[in-house]
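A.B. asks: Here's a structure for you.
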Ligand SMILES: [Zn+2]
């Protein structure tokens, strides 16, 4: 006789599910926020993706930051905060995320929403 149970503990592997490993994106949001969300200085430690703190509104932070920077922007893709310049805030220059594992590239349009740019 001998009923053999084989493959009882075999893991389900090799299920591709049509995944094409192109560029792994570290975006924590889906969909990512389309609009800037202006916050006050008290929110600085807990910035969420897309949050913006204008340095002119943050006196304590302003003093320790170079005058060429205009705001703190939390990357809308991964939430990593970075300083942005006047040009970046007003759409004159694209913003590139500072995080290594994030390919976030976007532009701020009309000081109120993000335009995501294709990353080549
Ligand atoms: Zn990012």
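Rule-based calculations on the coordinates, nothing more; no lab input. Because the structure is a prediction, the values reported are computed rather than measured. All Cβ positions, even for glycine, are placed from backbone atoms using ideal geometry, and neighbour counts span all protein chains on display.
A.B. asks: Take the Cβ-Cβ distance between residue 59 and residue 90 as r, set R0 to 22 Å, and report the resulting FRET efficiency rounded to the nearest 0.05.
C.D. replies: Numbers: r = 22 Å, r/R0 = 0.99.
The calculated FRET efficiency here is 0.50.
A.B. asks: Normalised by the empirical 2.2 N^0.38 Å for globular proteins, what value does the Cα Rg of region 37-116 take? Let's see the in-between values first.
C.D. replies: Values: Rg = 11.6 Å, N = 80, 2.2 N^0.38 = 11.6 Å.
Output field value: 0.99.
A.B. asks: How do 106, 116 rank when sorted from fewest to most other Cβ atoms within 10 Å of their own Cβ? Provide the component values of the computation, followed by the final result.
C.D. replies: On the way: 106 21, 116 13.
Lowest count first: 116, 106.
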